[in-house]
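**Q** There's a structure below that I have some questions on.
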Amino acid sequence: MLTVPFSEVLSAELLPPTTGMWRLPGTRLHRLVVWTFRRGAANPAAWFPRQLVLETASEGILDDWQQRISTAVGREPRRPRRLLVFVNPFGGSRRAAQIWQNVVKPVFDKAGIKSSAVETQHGGHARTLLTNMPGEELAGYDGVVAIGGDGLFHEIINGLLELRSVPTFTSLDKQQWAELQAHLEETAAADAAAAAAAAEEQQRQGGAASAGAQQAAETAAALVKTGSFGLPGLPGSPQHPRRSAHRRTGSIAASLRVGHIPAGSTDAVACTLNGTRSAFTAAMHIALGDACPLDVLRIDSADGHHAFATCMVSYGFMGDVMAESENYRWLGPLRYDVIGTKMLAANRSYRARISYLPAEADQLAAAGKVCTAGCELCRLGREHMKLQTAFREASTRSLTRRRSEWVHIESEFAGIMLVIMPCRSEKSVQGVAKYGHRSDGLIHLVMVKKCSRLQYLRFLLTLSNTGLAAGEHGFFTVVPAVAVHVEPVGGKESHWNADGELLPSNHITAEVHRGVIEVFARGVEVSVSRTPT
């Protein structure tokens, strides 16, 4: 016997009664349809529409069934009642408007959700509309939905977090950059002294210092000798008084969940949150009111700007691909493969100084566990969500603690990646960060040293076929961290690509904040699961 929990029912609707030649004369059969879904046999995370038709000769019994089902469904917690929907008709395969009308809107209508749809006209349009929306209007919604590619989703995330980041209207100011510079120089000096002492002790015992120890000593000593990590002074930013109305708008923005209906080129967000690029599946997660927390990376750049990312921030190969692909948008998704091949042939590398704060031991407890629906680690992210306020300010929280634990590296890098979520997609089924989570409070820092074209191709194949795991892998390293500072060294620079957006400065400080955003999702179902996380 088929059993469907009320948590998986959209609605129940009476159908016109039927009569047929095979029925007794004068009899009518009354019908009720229950709108729900079924899971795919090959991929339980992919859902498909299902209609369950109940029939009875008694109209009164059917009315009672319909009322009972509707009452039970109405008691389901956290189902949205009104949504603001942004549709990007230009992204990916340009099918977003069609997906909205033919797939998503019918699901929302069946669930009784009132929706206001807006077609974006240009990049940044959704963010502008959100940040300029009166608080009273924003309060009328239970969530915001992006129908398009990953870029539109991240645009909405940045708009909502900008509304919640209003205390000072500034990023890192002069004093904060000075404190950051002093801190990095202090820890580099300690590293230099420790490395020099270790090398001296080894030589005193009759052995030669290892190449790694010598390199660490030379790098740290060079940073101390220069007396600067290259952190520029910033022009003074005007201080705005706190406005109570603005604070209220920020509180309203914090209460909104965000949904993503995939209609882009790669749809890494939908694949990570739902395990599929199915628009129907994503629409059902939204209509059923699924909810889970999502980590956010705050990136502060030396020119005073800041941005937020939830997927990946990259420099070097990935940054160059994004920058050059902007001139080939007419190629559609194919542009990434074309430009990627070009960048692989170019085999560029860039000198940079990387400072990072490693994850603490208790944060690594879930290492080696794949993130799925029901993930206990991500469930704990909800507790952090209730307490999150630090993301509103510049990324200096980690700089005031664990001051001696920062690690410094200067080298030629073919690529640098800061991965926040698993970043699954059809091109990386296991995820870029194989053991990444939706909400574990970690950055997976990937550092690819200067290497041959064949080596970098091997790296890309590893990323695509199995995903990247923490550890030393020859010419590339993956380190779980909580904060990262990157400074280009020398005249040649790449571009920072933050979730598809090019940053204006290549000199950045980034810190992860756990469970800042709540999304309409439950994670990737690998078996039948009735309970959202």
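**Q** Of K434/K492; K427/K450; K427/K449; K342/K449; K427/K492; K449/K492, which sit over 21 Å apart, Cα to Cα?
**A** Beyond 21 Å between Cα atoms: K434/K492; K427/K450; K427/K449; K427/K492.
**Q** How much accessible area does T71 have with a 1.4 Å probe, in Å² rounded to the nearest 10?
**A** Roughly 60 Å² of T71 is accessible to a 1.4 Å probe.
**Q** Let me ask something else. Rounded, prolate or oblate: which one fits segment 288-351, using the alpha carbon gyration tensor with axes a ≥ b ≥ c (rounded when a/c is under 1.5, else prolate when a/b beats b/c, else oblate)?
**A** oblate
**Q** Another question about this same structure. List the residues whose amide H sits under 5 Å from the amide H of K450, counting only those 5 or more places along or on another chain, with H placed 1.01 Å from N in the peptide plane.
**A** For K450, the qualifying residues are E412, F413, A414.
**Q** Run the numbers on segment 457-520 and let me know its relative contact order in percent, using alpha-carbon pairs under 8 Å that are six or more apart.
**A** Once normalised by length, the contact order is 25 percent.
**Q** Can you compute 3J(HN,Hα) from phi for each residue in segment 288-297, using the Karplus curve 6.51 cos²θ - 1.76 cosθ + 1.60 with θ = phi - 60°, rounded to whole Hz and x for Gly and Pro?
**A** My calculation for segment 288-297 gives 7, x, 4, 8, 8, x, 9, 6, 10, 9 Hz in order.
**Q** What residues qualify as long-range amide H neighbours of R28, i.e. H under 5 Å apart, gap of 5 or more or another chain, H built at 1.01 Å from N?
**A** So R28 has HN proximity to no qualifying residue.
**Q** Check which residues have an amide H placed less than 5 Å from L442's amide H, if you skip close sequence neighbours.
**A** none
**Q** Right, here's the next one. Using protein chains only and a probe of 1.4 angstrom, how many square angstrom of M421 are accessible, to the nearest 10?
**A** Only protein atoms counted, so the area is about 0 Å².
**Q** Hey, another quick one. In nm, to one decimal, how far is the N347 label point from the T56 one, both placed 7 Å along Cα→Cβ?
**A** 7.5 nm
**Q** Leaving ligands and nucleic acids out of the surface, order S494, S452 by accessible area at 1.4 Å, largest first.
**A** S452, S494
**Q** Give me a comma-separated list of calculated 3J(HN,Hα) values for segment 274-282, in order, Karplus coefficients 6.51, -1.76, 1.60 applied at θ = phi - 60°, integers in Hz, x for any Gly or Pro.
**A** For segment 274-282, the Karplus-derived couplings read 10, x, 6, 8, 5, 5, 5, 4, 4 Hz, x marking Gly and Pro.
**Q** Please state the shape class of segment 430-533: rounded when a/c is under 1.5, otherwise prolate if a/b exceeds b/c and oblate if not, all from the C-alpha gyration tensor.
**A** It comes out oblate by the Cα gyration axes.
**Q** HN-Hα J couplings of segment 434-441 from phi, Karplus 6.51/-1.76/1.60, θ = phi - 60°, integer Hz, Gly and Pro as x?
**A** Going residue by residue, I get 4, 10, x, 10, 5, 8, 10, x Hz, with x marking Gly and Pro.
**Q** Then there is this: What is the spin-label model distance, in nm, from T131 to R458 if the labels are put 7 Å beyond Cα along the C-beta direction?
**A** 4.5 nm
**Q** Length gain on complete extension for the stretch E376 to L15, per 0.36 nm per residue less the alpha carbon to alpha carbon distance?
**A** Net length gain for the segment: 125.7 nm.
**Q** What is the spin-label model distance, in nm, from E326 to A42 if the labels are put 7 Å beyond Cα along the C-beta direction?
**A** The answer from the label model is 3.9 nm.
The values are calculated or read from the model by the stated rules, or taken from the named source; none is laboratory data. All values reported here derive from a predicted model rather than from experimental measurement. For neighbour counting, all protein chains shown are included, and Cβ atoms are generated from backbone atoms with ideal geometry for every residue, glycine included. Areas reflect the complete protein model, heavy atoms only, side chains present, ligands, DNA and RNA absent. Shrake-Rupley method; radii C 1.70, N 1.55, O 1.52, S 1.80 Å.
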